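Below is one structure, written out as structure tokens; the observations come after it.
The values are calculated or read from the model by the stated rules, or taken from the named source; none is laboratory data. Because the structure is predicted, anything quoted here is derived from the model rather than measured. With ideal geometry, Cβ positions are generated from the backbone for all residues, glycine too; neighbour counts draw on all protein chains shown. With ligands, DNA and RNA removed, areas are computed over all heavy atoms of the protein, side chains included. Shrake-Rupley method; radii C 1.70, N 1.55, O 1.52, S 1.80 Å.
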Amino acid sequence: MERLNQTSSVSEFILLGLSSRPQDQKPLFILFLIIYLVTITGNVLTILAIRSDPHLHIPMYFFLSVLSFTDIWYTTTIVPKMLVDFLSEKKTISYAGCLTQMYFIYVLANIDSFLLVVMAFDRYVAICDPFHYVTIMSHHRCVLLVAISCSLPHLHSLLHIFLLNQLIFCNSNVVHHFLCDINPLLKLSCSSIFVNDLTIKTEGLVVLVTPFLCIVFSYVRIFISVLRIPSAAGKRKAFSTCGSHLTVVILFYGSIFYVYLQPLSRYTVQDQVATIVYTVLSSMLNPFIYSLRNKDLKRGLGKMMARRKS
């Protein structure tokens, strides 16, 4: 009973956001509203272009459409709350709301991570084993890979939310962040965080680093295969199919590693900038990165726009 009373003493958290200065709130609101609208529009157009063009009904674009769909929900989990807070004097979020937001952020971020692995595997098969590509990347297998990518992250999120829910928050309820994230919340706990910290350093590290290592392994094999191609034109064509994906991987994992691969004691407000990159900016930039460097997708977008006008 005593523990329940201590836990219930914090019924809500205060999110300090990106800036506490009143004069910054409206400019930040306008900036992130534009980012949100561009993100939704870009990802919806990508999905519609892929669905409307039969030439894009191949595994690579199927995975890209799922990634775009995930990015829409990923951004929606974060930015609307930010927009409300920019215009509110009291930037509060309930205890349950905070855990719910964190749950979906982790689920959607890890779905993105797993989908990037699946897309790397797709490029690996296409370049390193092209004669068996149709057999290996069958529709059934593609759906299965997406189903696994969308299912496993729920177990990861449930574990960390369960452990976080066991902690006692009896001191400050001020979160030095614009969203509910595990590191700033652990700093507020007045009970032992040993189990949480150990889980982050073991299970969390495995879930975070393993997909990245799989992508690195795929690209090492891809680069070895490409270097064996005799013609320069063949090498350029092979590299062009990987350039967009590799750019997204560097942007996404680079910012995540900066935030999470450091001790909890070193977690500072400056990490918010890196958090914005992998939560907000990557979702906005993904459609542009893939469309600007992909002739087939640009052609699909052009055809769709032409049909809309006619």
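Annotations for the structure displayed:
- Residue match in segment 254-266 (condition: of a type in the set (Val, Ile, Thr) and open to solvent by 20 Å² or more (accessible area, probe 1.4 Å)): no
- Flag if ASP181 is open to solvent by 30 Å² or more (accessible area, probe 1.4 Å), among the acidic types (Asp, Glu) and in contact (Cβ under 8 Å) with a residue 40 or more places away in the chain: no
- Test result for LEU67, touching a strand residue (DSSP E or B) at 6+ places or on another chain (Cβ under 8 Å) and surrounded by 17 or more Cβ atoms within 10 Å (Cβ to Cβ): no
- Residues in segment 18-64 that are surrounded by fewer than 18 Cβ atoms within 10 Å (Cβ to Cβ), in contact with a Leu (Cβ under 8 Å, 6 or more places away or on another chain) and among the polar types (S, T, N, Q): 1 in all.
Yes/no matrix, rows are residues, columns are (1) outside any helix (DSSP H, G or I); (2) polar (S, T, N, Q); (3) within 27 Å of ALA238 (Cβ to Cβ):
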site: GLN23; (1), (2), (3): no, yes, no
site: ILE30; (1), (2), (3): no, no, no
site: ILE35; (1), (2), (3): no, no, no
site: VAL44; (1), (2), (3): no, no, no
site: ALA49; (1), (2), (3): no, no, yes
site: ASP71; (1), (2), (3): no, no, yes
site: THR76; (1), (2), (3): no, yes, no
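- Among residues of segment 107-156, those that are of a type in the set (S, T, N, Q), within 25 Å of PHE239 (Cα to Cα), open to solvent by 30 Å² or more (accessible area, probe 1.4 Å) and assigned to a helix (DSSP H, G or I), counted: 1
- Out of ALA126, ALA109, ALA147, one residue alone is of a type in the set (Gly, Ala, Ser) and closer than 30 Å to LEU198 by Cβ. It is ALA109.
- Members of segment 174-199 found to be more than 19 Å from the chain's Cα centre (by Cα), in a loop (DSSP other than H, G, I, E, B) and within 23 Å of ALA274 (Cα to Cα), listed by number: HIS176
- Wholly enclosed helices (runs of 4 or more DSSP H) of segment 219-302 bearing at least 3 residues modelled with pLDDT of 85 or more, of a type in the set (A, V, I, L, M, F, W, C) and at negative phi: 232-260, 282-292
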